[in-house]
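Take a look at the structure set out below.
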Amino acid sequence: MIHGGEAIRKLALNLARYTGLAPLAKPFVGGIGAILMLHRVTATPEKPNSVNRHLNIAPAFLDALIVDMKARGYVFVSLDEAIERIKLGGKGDQFATITADDAYRDNMTEALPVLEKHGAPITIYTAPGLIDGAADLWWDVVEDIVDTSSRLTLQTARGATVVDCLTPGRKIQAVARLNAWLTLEVPEAEQGAALRELARANGYNFDSGRPCTLMNWDELRTMAAHPLVTIGAHTVNHRNLKRLSEADARHEIDDVRRILHERLGQEPRHFAYPYGYPSAVGCREVGFARDAGYASAVTTRHGVLRAEHAGFLHALPRISVNGRYQSVAHLRTMLSGVTTPLANAGKMVVTI
């Protein structure tokens, strides 16, 4: 099932590609480089047809993308070097740096061999609460609860609601409804408790042998010692910062540096806002990240990098490399820069 918005975006990508607009425009709007955003990288996803399959790409696709970008003149650099290049206005070759959110284990087992093959560095943004289990990968849990149910009872502020999960189409709608409930209706600090009560009330065993999809601390220490890997911060508990009080948001941004330093022996220099879209990060949150002393912070806003981003190092856009657009041609079009203003109401310099 293809989402309507996804179909429209693919149509736009194909139009830009087949009309020749993308390659013609690239010298003018292609910018100085790009930050690529990954989540999972595996050839064998546990649920290849899941609602969350867009979070996954195959290692072979990552390999093909790096080969294509190198052939077109991109150099792959660490995030530290990328920031220095931005400060210098992007003098020299176009560059790319790879980032990955949440510290999925397959970043180590399946993505890293591809990166080693090409000498391509990666920054992995890590939330200690997710690693310790204090915070949940709630988007996976919601999907599992829906997958094991034909109908759910959801307790909302307006009372109990029955959610139909009988058919594949209804399950997709149910996941969307539960996602909206958790991220919009439930207070951020109560999200974990609400999720566990949803599971309990609907007969789902929360701890029934769920596969551990994230790296543990020993694996993260091994990765942190790898010459191609930088560990970045992703808040303490993967919270939507915009939904938190100032004190709680600053705790999430500041304390993660201390925790990662204690656990890994290195203090992170780079930060990624959880979710990263407009309802999760604004001027306030950017100020908090700057105050905390990070060298950079990234959003999930779609866009290439431009020289002007030297003044916005704590509100940098990324190009999402995900399962919806697992095509080198699609990524080539995105990297041309033509989709940056299309996705951002005409803005070429994307910040927040």
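The values are calculated or read from the model by the stated rules, or taken from the named source; none is laboratory data. Being a predicted model, the structure only gives us computed values, none of them experimental. Cβ coordinates were reconstructed from backbone atoms using ideal geometry, including for glycine residues, and neighbour counts include every protein chain displayed. Just so you know, the surface numbers come from the protein's heavy atoms only, side chains and all, with ligands and any DNA or RNA stripped out. Shrake-Rupley method; radii C 1.70, N 1.55, O 1.52, S 1.80 Å.
Only one residue in LYS26, LYS10 is in a helix (DSSP H, G or I), at pLDDT below 85 and of a type in the set (D, E, K, R), so which one is that? Steps first, please.
Details: LYS26 fails: at pLDDT below 85.
Going through LYS26, LYS10 in turn, the sole match is LYS10.
Out of (1) open to solvent by 10 Å² or more (accessible area, probe 1.4 Å); (2) within 20 Å of MET348 (Cα to Cα), what's the single condition that is false for ALA34?
Unmet for ALA34, out of (1) open to solvent by 10 Å² or more (accessible area, probe 1.4 Å); (2) within 20 Å of MET348 (Cα to Cα): (1).
From the list ALA174, ALA180, ALA194, which residue is more than 30 Å from GLU81 (Cα to Cα) and touching a Cys at 6+ places or on another chain (Cβ under 8 Å)?
From the options ALA174, ALA180, ALA194, the qualifying one is ALA174.
Those residues that are in contact with a helix residue (DSSP H, G or I) (Cβ under 6 Å, 6 or more places away or on another chain), of a type outside the set (A, V, I, L, M, F, W, C) and open to solvent by less than 70 Å² (accessible area, probe 1.4 Å), I need them from segment 231-249; list them, please.
THR235, ASN237, HIS238, ARG239, ASN240
Inside segment 217-250, can you point out the residues that are over 28 Å from VAL281 (Cβ atoms) and of a type outside the set (D, E, K, R)?
THR222, ALA225, HIS226, PRO227
Here's a check for you: in segment 262-300, which residue that is surrounded by fewer than 18 Cβ atoms within 10 Å (Cβ to Cβ) and polar (S, T, N, Q) is nearest to TRP138 (Cα to Cα)?
The qualifying residue nearest to TRP138 (Cα to Cα) is SER279.
List every residue pair whose Cβ atoms sit under 9 Å apart, with the two residues 6 or more apart in sequence or on different chains, where the first one lies in segment 275-287 and is under 13 Å from ARG243 (Cβ atoms) and the second, anywhere, is hydrophobic (A, V, I, L, M, F, W, C) and open to solvent by 10 Å² or more (accessible area, probe 1.4 Å).
Short answer, once both residue conditions are applied: PRO278/ILE352; SER279/LEU184; VAL281/ILE352; GLY282/ILE352; GLU285/ILE352.
Might you let me know whether segment 37-48 holds any residue that is in contact with a Phe, Trp or Tyr (Cβ under 6 Å, 6 or more places away or on another chain), within 17 Å of ALA307 (Cβ to Cβ) and not small (Gly, Ala, Ser)?
Of all residues in segment 37-48, those in contact with a Phe, Trp or Tyr (Cβ under 6 Å, 6 or more places away or on another chain) come to 40.
Now restrict to residues that are within 17 Å of ALA307 (Cβ to Cβ): none.
No, because not a single residue in segment 37-48 is in contact with a Phe, Trp or Tyr (Cβ under 6 Å, 6 or more places away or on another chain), within 17 Å of ALA307 (Cβ to Cβ) and not small (Gly, Ala, Ser).
Looking for whichever is at pLDDT 95 or above, in contact with a Gly (Cβ under 9 Å, 6 or more places away or on another chain) and not aromatic (Phe, Trp, Tyr) here; the options are LEU220, LEU228. Which one fits?
Exactly one of LEU220, LEU228 is at pLDDT 95 or above, in contact with a Gly (Cβ under 9 Å, 6 or more places away or on another chain) and not aromatic (Phe, Trp, Tyr), namely LEU228.
Out of segment 132-148, which residues are among the acidic types (Asp, Glu) and touching a helix residue (DSSP H, G or I) at 6+ places or on another chain (Cβ under 8 Å)? Can you show your working first?
Start the filter on segment 132-148 by keeping residues that are among the acidic types (Asp, Glu), which leaves 132, 136, 140, 143-144, 147.
Within segment 132-148, ASP136, ASP140, GLU143, ASP147 qualify.
For segment 128-150, check the following and say yes or no: at least one residue is farther than 30 Å from LYS171 by Cα, within 22 Å of the chain's Cα centre (by Cα) and not in a loop (DSSP other than H, G, I, E, B).
yes
Could you list, in sequence order, all residues of segment 326-338 that are of a type outside the set (Lys, Arg), part of a helix (DSSP H, G or I) and closer than 15 Å to VAL304 by Cβ?
HIS330, LEU331, THR333, MET334, LEU335
Can you tell me which residue in segment 301-352 is nearest to LEU38 (Cα to Cα), limited to those that are among the small types (Gly, Ala, Ser) and open to solvent by less than 40 Å² (accessible area, probe 1.4 Å)?
SER320
For segment 60-82, what are the residues that are among the acidic types (Asp, Glu) and free of Cβ contacts under 8 Å to residues at least 60 places away in the same chain?
Step one: filter segment 60-82 for residues among the acidic types (Asp, Glu), giving 63, 68, 80-81.
Scanning segment 60-82 gives ASP63, GLU81.
Rundown of residues vs (1) touching a residue at least 40 places away in the same chain (Cβ under 8 Å); (2) more than 22 Å from the chain's Cα centre (by Cα); (3) under 25 Å from LEU316 (Cα atoms), yes/no style:
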site	(1), (2), (3)
LEU38	yes, no, yes
VAL41	yes, no, yes
LYS47	yes, no, no
ALA58	yes, no, no
GLU84	no, yes, yes
LYS91	no, yes, yes
ALA100	yes, no, yes
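Report, by residue number, each residue of segment 67-106 that is in a helix (DSSP H, G or I) and within 27 Å of LEU130 (Cβ to Cβ). Before you say what the answer is, go through the steps one by one.
Here is the first cut: in segment 67-106, the residues in a helix (DSSP H, G or I) are 67-71, 79-87, 106.
Selection gives LEU79, ASP80, ALA82, ILE83, ASP106.
Has segment 138-150 got at least one residue that is in contact (Cβ under 8 Å) with a residue 40 or more places away in the chain, charged (D, E, K, R), out of contact with any His (no Cβ under 8 Å at 6 or more places or on another chain) and within 28 Å of GLU285 (Cα to Cα)?
Yes: one or more hits.
Somewhere in segment 75-94, is a residue within 22 Å of ARG324 (Cβ to Cβ) and surrounded by 20 or more Cβ atoms within 10 Å (Cβ to Cβ)?
Pass one, segment 75-94, residues within 22 Å of ARG324 (Cβ to Cβ): none.
No, every residue in segment 75-94 fails to be within 22 Å of ARG324 (Cβ to Cβ) and surrounded by 20 or more Cβ atoms within 10 Å (Cβ to Cβ).
Among the residues of segment 75-134, write down those that are at pLDDT 95 or above, under 20 Å from ARG221 (Cβ atoms) and of a type in the set (A, V, I, L, M, F, W, C).
LEU79, ALA100, ALA103, MET108, ALA111, LEU112, LEU115, ILE122, ILE124, ALA127, LEU130, ILE131
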